[in-house]
Amino acid sequence: MQDGYWREKTLEDMTPAEWEALCDGCGKCCISKLEDEDTGEIHWTSVGCRLFDAEACRCRDYPNRLAEVPDCVGLTPAKIRAIPWLPSTCAYRLVAEGRDLYWWHHLLSGSRDTVHAAGMSMRGRVTANETELADTDAYLEHLLEEEP
């Protein structure tokens with residue numbers, strides 16, 4: 001891959017390898033969010049998807065995630081531009097908005113650990129797995145005050 005490719009290419013022009021490498025590994029996509037039906041406001045929780053490995057901040061079954069988890073969202077350039085809950089720090093969102101990556105992104109820092117060291121990932125912040133919760137009301141106990 002070319003250094004700085006995300007500055008030169010649109011999301012649509014990226015190769016599959018470039019697309020996958022753009023993910024910063026924060027794990028925020030794999031955290032449950034609640035949407036207020038009246039206002040459309042997104043409320044973040046500290047509840048991980050059933051496939052989310054909270055220590056590694058990775059999906060335990062990434063190749064099969066869309067089949068295993070019906071509400072898992074397979075990101076595409078169009079979805080990146082339309083999904084209201086993508087975190088403000090998301091590399092896909094940043095590139096779609098014509099902005100550069102943060103210093104802690106592995107493509108700049110050279111290490112996949114800087115996202116965690118900078119406190120930008122969900123590592124150490126997940127308080128429950130969705131399989132542990134009985135119903136939607138149980139998610140309310142895991143609401144976060146703001147976007148992580």
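Below are the figures for this structure:
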quantity	calculated
Unique match (being within 26 Å of residue 138 (Cβ to Cβ), out of contact with any Ser or Thr (no Cβ under 6 Å at 6 or more places or on another chain), surrounded by 14 or more Cβ atoms within 10 Å (Cβ to Cβ) and of a type in the set (D, E, K, R)) among 53, 71	53
The range 48-71, subset charged (D, E, K, R) and assigned to a helix (DSSP H, G or I), residue farthest from residue 25 (Cα to Cα)	68
Residue in the range 103-111 that is in a loop (DSSP other than H, G, I, E, B) and under 21 Å from residue 12 (Cα atoms) present	yes
Residues of the range 38-49 that turn out to be over 14 Å from the mean Cα position of the chain (by Cα) and surrounded by 14 or more Cβ atoms within 10 Å (Cβ to Cβ), as a count	2
Matching residues in the range 7-37 - criterion: being among the acidic types (Asp, Glu), surrounded by fewer than 19 Cβ atoms within 10 Å (Cβ to Cβ) and part of a loop (DSSP other than H, G, I, E, B)	36, 37
Options 51, 66, 86, 34; residue that is hydrophobic (A, V, I, L, M, F, W, C), closer than 21 Å to residue 130 by Cβ, in contact with a Phe, Trp or Tyr (Cβ under 9 Å, 6 or more places away or on another chain) and free of Cβ contacts under 8 Å to residues at least 24 places away in the same chain	51
Residue check for residue 127: closer than 21 Å to residue 19 by Cα, modelled with pLDDT of 95 or more and β-branched (Val, Ile, Thr)	no
Residue tally, condition aliphatic (A, V, I, L, M), crowded, with 19+ Cβ neighbours inside 10 Å and closer than 24 Å to residue 47 by Cβ, over the range 101-122	3
Test result for residue 75, of a type in the set (A, V, I, L, M), within 20 Å of residue 21 (Cβ to Cβ) and part of a loop (DSSP other than H, G, I, E, B)	yes
Residue match in the range 79-88 (condition: of a type in the set (Lys, Arg), part of a loop (DSSP other than H, G, I, E, B) and surrounded by fewer than 16 Cβ atoms within 10 Å (Cβ to Cβ))	no
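The values are calculated or read from the model by the stated rules, or taken from the named source; none is laboratory data. Bear in mind that the values here come from a model prediction, so they are computed numbers and not experimental data. Positions of Cβ are generated from backbone atoms using ideal geometry, with glycine treated the same way; all protein chains shown enter the neighbour counts.
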